[in-house]
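To keep things clear, I will list the structure first and then write my remarks on it.
The values are calculated or read from the model by the stated rules, or taken from the named source; none is laboratory data. No experiment lies behind these values; they were computed from the predicted model shown. So basically every Cβ, Gly included, is an ideal-geometry build from the backbone, and we count neighbours across all protein chains shown. Ligands, DNA and RNA are excluded from the accessible area calculation, which covers all protein heavy atoms including side chains. Shrake-Rupley method; radii C 1.70, N 1.55, O 1.52, S 1.80 Å.
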Amino acid sequence: MGSTAALKELQRDLENKANDLSKLQKDIAKNHQVRKKYTIQLGENELVLKELDLLNEDANVYKLIGPVLVKQDLAEANANVRKRIDYISAELKRLDATLQDLEEKQNSKKEAIFKA
């Protein structure tokens, strides 16, 4: 009788560890998705910055706000794009750190499952 209870306890423990591992894997997949989105945005913004750098100081620059194109100062547009690039880069670094942490947790969960 005691061995059946021990077996059920072991099975329950294994299921909990498997569920934890599954959740970590979903979090890792979500991290990759967000990271991909930011990487694309970073590339787009770097391209915009290169285009802005090609313009003369007196060139007209427009920003799309909703359905309207609004004239914007070149220096202001440049500063805004640089701020966006800084923000996206910081987010990517944060996502990298989070991903590393998640992967370490995933590896230790896998080891715990295989030891069980």
Subject >> Residues of the stretch 64-103 classified as more than 30 Å from Asp27 (Cα to Cα), of a type outside the set (Asp, Glu), open to solvent by 60 Å² or more (accessible area, probe 1.4 Å) and in a helix (DSSP H, G or I), total >> reply: 1
Original post:
over 30 Å from Leu7 (Cβ atoms), among the β-branched types (Val, Ile, Thr) and either out of contact with any helix residue (DSSP H, G or I) (no Cβ under 7 Å at 6 or more places or on another chain) or open to solvent by less than 100 Å² (accessible area, probe 1.4 Å) (or both), is that true of Ile113?
Top reply: no
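For every residue, the table says whether it meets (1) under 30 Å from Ala59 (Cβ atoms); (2) without any contact (Cβ under 8 Å) to a residue 12 or more places away in the chain; (3) in contact with a Phe, Trp or Tyr (Cβ under 6 Å, 6 or more places away or on another chain); (4) hydroxyl-bearing (Ser, Thr, Tyr).
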{"position": "Ala79", "(1), (2), (3), (4)": "yes, yes, no, no"}
{"position": "Arg84", "(1), (2), (3), (4)": "yes, no, no, no"}
{"position": "Ser89", "(1), (2), (3), (4)": "yes, no, no, yes"}
{"position": "Lys105", "(1), (2), (3), (4)": "no, no, no, no"}
{"position": "Lys115", "(1), (2), (3), (4)": "no, yes, no, no"}
Subject >> The one condition in (1) open to solvent by 60 Å² or more (accessible area, probe 1.4 Å); (2) small (Gly, Ala, Ser); (3) over 30 Å from Lys93 (Cβ atoms) that Ala59 fails to fulfil >> reply: (1)
Original post:
Residue check: is Leu42 touching a Ser or Thr at 6+ places or on another chain (Cβ under 8 Å) and either under 30 Å from Asp13 (Cα atoms) or surrounded by 11 or more Cβ atoms within 10 Å (Cβ to Cβ) (or both)?
Top reply: yes
